């Protein structure tokens, strides 16, 4: 049974924030799952929609507090709260309100659509 400890799992810095790829270590291929670690004032560009991919997404705050903007709505969430973006075309973004905020991001493409979940993290990472 695959288990990942988010407190020790490698973090990959990208222009879109600091990410932990989780699909491969968890042996999950049916949906995307990654974690983001962020601090207040950290400069990253995560605003996006999933209009092209058709993905729905959900965000689980596991540490700290975050502010989410989904479409025209804004909400704050702390540990144990789950925020969803069920409409793929809705523009969404989030930011940390406390140091050490960690958000687990889960997304899935429509049935039958190809998706390489988490590969974008490696593609966005600066070259070593």
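Before moving on, here are some points about what is shown:
- Residue 81 meets the stated requirement of being more than 12 Å from the chain's Cα centre (by Cα), farther than 22 Å from residue 126 by Cα, surrounded by 15 or more Cβ atoms within 10 Å (Cβ to Cβ) and at pLDDT 95 or above.
- Restricting attention to segment 84-96, the residues being at pLDDT 95 or above, surrounded by 17 or more Cβ atoms within 10 Å (Cβ to Cβ) and part of a loop (DSSP other than H, G, I, E, B) number 1.
- Counting only strands (runs of 3 or more DSSP E) that sit completely within segment 4-61, those holding 3 or more residues that are in contact with a helix residue (DSSP H, G or I) (Cβ under 9 Å, 6 or more places away or on another chain) and within 15 Å of residue 108 (Cβ to Cβ) correspond to 32-38.
For (1) within 16 Å of the chain's Cα centre (by Cα); (2) closer than 24 Å to residue 93 by Cα, each residue gets a yes or a no:
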| site | (1), (2) |
| --- | --- |
| 11 | yes, yes |
| 14 | yes, yes |
| 18 | yes, yes |
| 28 | yes, no |
| 34 | yes, yes |
| 38 | yes, yes |
| 41 | no, yes |
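- Where residue 75 falls short, out of the listed (1) closer than 23 Å to residue 123 by Cα; (2) outside any loop (DSSP other than H, G, I, E, B): (1)
- The sole residue among 125, 58, 51 that is modelled with pLDDT under 95 and within 25 Å of residue 10 (Cβ to Cβ) is 125.
- Considering residues of segment 44-55 that are out of contact with any strand residue (DSSP E or B) (no Cβ under 6 Å at 6 or more places or on another chain) and touching a residue at least 12 places away in the same chain (Cβ under 8 Å) only, the residue surrounded by the fewest Cβ atoms within 10 Å (Cβ to Cβ): 45
- The set of residues from segment 14-27 being without any contact (Cβ under 8 Å) to a residue 40 or more places away in the chain, surrounded by fewer than 19 Cβ atoms within 10 Å (Cβ to Cβ) and at negative phi comprises 18, 25, 26.
The values are calculated or read from the model by the stated rules, or taken from the named source; none is laboratory data. This structure is a prediction, so every number in the text was calculated from the model and none was measured. Note: ideal-geometry Cβ built from the backbone for every residue, glycine included; neighbour counts use all protein chains shown.
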